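One structure below.
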Amino acid sequence: MQNNRAAHVVIDRVAMQHNLRQVRALTPNAKIMAVIKADGYGHSMEVVAHALNAADEFAVTALDDVKRLRSQGISKPLTMLSATFDVAQLNKMSAQSVRPVIYDLSQLTTLSQVSPNAELDIWLKIDTGMGRLGLCIEDAHRVATRLINQLGIRSVSAMTHLANADNPDHPSNQRQIKQFLKFAEGHGFSELSIMNSAGCVAFPDASRDIVRPGVILYGISPQLGTSAADLSLKPAMTFKSKLISVKRLPVGSPIGYGSRYTLDTDSRIGVIACGYADGYPRHAPSGTLVLVNGMYVPLIGRVSMDLITVDLGELPVKVGDEAILWGENIPIENLAEACGTIAYELMCGVTQRVERVVI
Ligand SMILES: *Cc1c(COP(=O)(O)O)cnc(C)c1O
């Protein structure tokens, strides 16, 4: 580590490679477009892209992502999931093996001006019930054939996105899959893509040509009520810091801002160098577990900007001991649930100042 701040995240490339193999095992006949948007879900996009060299393609959301990856020598096809572009950018995307996603009719004007010499591989995104990005079925039928025959467009593929794949029994899943496959019939699309991580787990048999796993690659279970261990996933991110103070306080002592917590016995309190400015959620309630020197201790009092406080009891720990905020044995999913959020948000929320230590 280069800086003297103890809070850092450890990014485990071997864990990501293991998780990628789990996806391969689930959907052996599909290509894998690893989703590495949002700086690789907070893991550092370049690190993830190098580690997941065995993926077939990557999905990103900005031309800046393309620049970063191409400058690192990553030459795999990239899909631009959600970004607007002008004609110059489209022509450039063609040259850089970037596949734009057409999700709104307004993009067709730009697309019609693309150079006839371009070799664009485009995605049509169809809204089958997510209610977010995507052409409605009627519009998509109308434009698909025209796009397939347009000069400058080498191939047209089609994708849709499931709204409830984390809840496999939800009736919208089958409805969306059926509607999408029916739509795709007869159009001659190059590739079809439906599944995010949760879809790969819940509906592997419907995974078609290419799957789009994101969160599962980072070792998070995408399924409600299923843990990462249940799916043999390994968390790729461990959020670590250190105890920077240990002291005894008597019963009744208030802890932290607002004095919202008071000690119910004489105890030893520990202060860990990590707070909401590092991406540790401010809403983590008292009682949230932290691992200090391998032992579980409860968070007490409010999370501050740079610090949290824990009740150490009489455990054999001292200043300088390691604290783990999330990672193996301390699932980020549990912390997320206690804070009313999801692991995705916590991973993406690790701030810039937190050093990424790659192993
Ligand atoms: C982010 C994203 C994914 C990946 O979702 P996970 O739940 O992380 O697997 C897949 N497809 C699209 C269109 C996305 O935007």
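The values are calculated or read from the model by the stated rules, or taken from the named source; none is laboratory data. Keep in mind that this is a model prediction, so the values were computed, not measured. Backbone-built Cβ (ideal geometry, glycine too); neighbour counts: all protein chains shown. All accessible areas refer to the heavy atoms of the entire protein, side chains included, with ligands and DNA or RNA removed. Shrake-Rupley method; radii C 1.70, N 1.55, O 1.52, S 1.80 Å.
Here are a few things to note about the model shown:
- Here Met305 passes the criteria (1) hydrophobic (A, V, I, L, M, F, W, C); (2) surrounded by fewer than 21 Cβ atoms within 10 Å (Cβ to Cβ); (3) more than 20 Å from Met237 (Cα to Cα); (4) without any contact (Cβ under 8 Å) to a residue 24 or more places away in the chain except the one numbered (4).
- Residues located in region 1-51, provided they are more than 21 Å from Val350 (Cα to Cα) and not in a helix (DSSP H, G or I): Thr27, Pro28, Asn29, Ala30, Lys31, Ile32, Met33
- In region 43-53 there is no residue matching the filter, namely being of a type outside the set (A, V, I, L, M), modelled with pLDDT of 95 or more, open to solvent by 10 Å² or more (accessible area, probe 1.4 Å) and within 15 Å of the ligand (Cβ to nearest atom).
- Hey, Val211 within 14 Å of the ligand (Cβ to nearest atom), at pLDDT 95 or above and surrounded by fewer than 23 Cβ atoms within 10 Å (Cβ to Cβ) or not: no
- The number of residues in region 81-102 that are in contact with a Ser or Thr (Cβ under 7 Å, 6 or more places away or on another chain) and within 16 Å of the ligand (Cβ to nearest atom) comes to 5.
- A single entry from Leu162, Leu151, Leu105, Leu217 fulfils the requirement of being outside any loop (DSSP other than H, G, I, E, B) and of a type in the set (A, V, I, L, M, F, W, C): Leu217.
- Top-ranked residue of region 115-152 - restricted to ones that are within 16 Å of the ligand (Cβ to nearest atom) and β-branched (Val, Ile, Thr), ranked as farthest from Ala88 (Cα to Cα): Thr128
- Comparison of Ser155, Ser112 shows that the only residue that is modelled with pLDDT under 95, more than 16 Å from the ligand (Cβ to nearest atom) and of a type in the set (Gly, Ala, Ser) is Ser112.
- The residues in region 54-71 that are part of a loop (DSSP other than H, G, I, E, B) and modelled with pLDDT under 95 can be counted, and the count is 1.
- Flag for Gly219 being open to solvent by 40 Å² or more (accessible area, probe 1.4 Å) and at positive phi: no
- Qualifying residue in region 183-194 (condition: under 30 Å from Ser75 (Cα atoms) and assigned to a strand (DSSP E or B)): yes
- Within region 246-278, being closer than 12 Å to Gly313 by Cα and among the charged types (D, E, K, R) holds for Lys247, Arg248, Asp264, Asp266, Arg268.
- Residue in region 270-292 that is in a loop (DSSP other than H, G, I, E, B), within 16 Å of the ligand (Cβ to nearest atom) and in contact (Cβ under 8 Å) with a residue 60 or more places away in the chain present: no
- Pairs meeting the criteria (first residue in region 147-164 and surrounded by fewer than 19 Cβ atoms within 10 Å (Cβ to Cβ), second residue part of a loop (DSSP other than H, G, I, E, B) and of a type in the set (A, V, I, L, M), beta carbons under 6 Å, at least 6 apart or on different chains) are Gly152/Val114; Gly152/Ala118; Ala163/Met130.
- Close contacts from region 206-234, counting a first residue that is without any contact (Cβ under 8 Å) to a residue 12 or more places away in the chain and a second that is within 14 Å of the ligand (Cβ to nearest atom), with Cβ to Cβ under 7 Å and a gap of 6+ residues or different chains, come to Asp230/Ser221.
- Leu224, sole failed condition from (1) touching a helix residue (DSSP H, G or I) at 6+ places or on another chain (Cβ under 7 Å); (2) within 13 Å of the ligand (Cβ to nearest atom); (3) hydrophobic (A, V, I, L, M, F, W, C): (1)
- Per-region count, region 165-182, residues open to solvent by less than 40 Å² (accessible area, probe 1.4 Å) and part of a loop (DSSP other than H, G, I, E, B): 1
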